[in-house]
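Throughout, read-outs are computed from the coordinates displayed, never taken from laboratory work. Remember, it's a predicted structure, so these values are computed and weren't measured experimentally. Cβ placement follows ideal geometry from the backbone for every residue including glycine, while neighbour counts extend to all protein chains displayed.
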Amino acid sequence: MIDRLDGPIPAVPLTERETAAIAAKMVVMKDCDARIARLLTRLDQLADEAGLVTWRAVAVKVRAIRDAPAV
């Protein structure tokens, strides 16, 4: 049995590849921008700096995917 944790679990930064994979999944979702905006708002309310950094990076990647020239 796991005892109760003392404090929050420390954040583990995502790699560039993981961030790109999340962005690739997000960009095809309906209302992607609104979902990311809600996540960022909630993370800001919780003062979750690591989460904010992660999801801002995902938002940048989503924008880059959309702005990439069609192949």
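Miscellaneous remarks
- The residue pairs whose first member lies in segment 49-61 and is in contact (Cβ under 8 Å) with a residue 12 or more places away in the chain, whose second member is among the acidic types (Asp, Glu), and whose beta carbons are closer than 8 Å, counting only pairs six or more residues apart or on different chains, are 52/44.
- Yes/no for residue 36 being surrounded by 11 or more Cβ atoms within 10 Å (Cβ to Cβ) and under 8 Å from the mean Cα position of the chain (by Cα): yes
- Condition met for residue 43 (in contact with a Ser or Thr (Cβ under 8 Å, 6 or more places away or on another chain), of a type outside the set (Asp, Glu), surrounded by 13 or more Cβ atoms within 10 Å (Cβ to Cβ) and without any contact (Cβ under 8 Å) to a residue 60 or more places away in the chain): no
- Flag if residue 27 is surrounded by fewer than 12 Cβ atoms within 10 Å (Cβ to Cβ) and more than 11 Å from the chain's Cα centre (by Cα): no
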